[in-house]
Amino acid sequence: MLGLTRWNATDDFFSFQREVDRLFNRFWSDLPTRTADGRSSFQVHTTDEGWRIDVPLPGIDPQHVHLEVAGNNLTIRAEEPNANVGSSLRYDHSFSIPQFLDVEKMSAAHRHGMLELTLPLKDSVKPRRIPIEGVTDRKRITSAA
């Protein structure tokens, strides 16, 4: 029996695990929200009321930041002219806002080099209580003893 090798389930399992790890690592490294140094360019925080998106814009005056919404696409553009060097700082990023967030009620604030975007949930997706009619019409049954 020359040329036959024995099947080893352990080797197949670890080979499969290595392949899955490779696919996940490739997916996370190819996300468009990554910068050249591998860090995320913004952070999303979820709450029961909606989302808050923090976009770091260090060194850029809030007067030079422009937000544009077209449908569910949000574009952030910023440019800070730098007179000392003759160049400028630029930031340009576009992304889609999920349908369950209310773009019309979006608000923006700029604090300490951080652009904070607040996107509330649409009223149609917020949980709400529905009253039940007839609950107060209960009659008490008593026994005649």
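The values are calculated or read from the model by the stated rules, or taken from the named source; none is laboratory data. Note that the structure is a prediction, hence the values are computed from the model and not measured.
Couple of notes before you dig in:
- Segment 57-80: number of residues that are in a strand (DSSP E or B) and modelled with pLDDT under 90: 3
- Candidates in segment 81-106 are the residues that are over 16 Å from the mean Cα position of the chain (by Cα) and part of a strand (DSSP E or B); of these, the one that is modelled with the lowest pLDDT is Ser88.
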